[in-house]
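Asks: Here it is, the structure in full.
Derivation of every value follows stated rules applied to the coordinates shown; laboratory data play no part. All values reported here derive from a predicted model rather than from experimental measurement. Ideal geometry is used to build each Cβ from the backbone, glycine not excepted, and the neighbour counts take in all protein chains shown.
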């Protein structure tokens, strides 16, 4: 089975100088369904004012995509196993550093979910760990990365 995903990425120079490499990096991501996201390069990679810290950068988006994918699988697996999730919150953190070839790359993403359950049936620590392991194993995004993805649930 094959799935294809796409988006439109749009940037315009708007008459600014270009060859000095001081052009603005602000641009748009347009997704099916009409969602438009204001995007920019990361100010950690390209300093302001060429970048705009108020916009989403690709690095943040990658970390959010990993966390979102894990969460969606976790919710699905928890429901299948009879656990009612009331709330799921995460503050993931991705680390970029030189990889084995000396290229800047994500080397790890750490997920730190806090999960609140409802109802009488609550997972044991072992069941919770098994849910996270299964969610990680199923996550398309994590399966696509070279970086290590760890889950460190917060209490």
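Asks: Tell me, please, whether a residue that is under 22 Å from residue 141 (Cα atoms) and crowded, with 17+ Cβ neighbours inside 10 Å can be found in the stretch 22-37.
Replies: Within the stretch 22-37 (the criterion being under 22 Å from residue 141 (Cα atoms) and crowded, with 17+ Cβ neighbours inside 10 Å), the answer is yes, since at least one residue qualifies.
Asks: A follow-up question, please. Could you check the stretch 1-21 and list, in sequence order, the residues that are surrounded by 10 or more Cβ atoms within 10 Å (Cβ to Cβ), within 24 Å of the chain's Cα centre (by Cα) and in a loop (DSSP other than H, G, I, E, B)?
Replies: Matches in the stretch 1-21: 7, 11.
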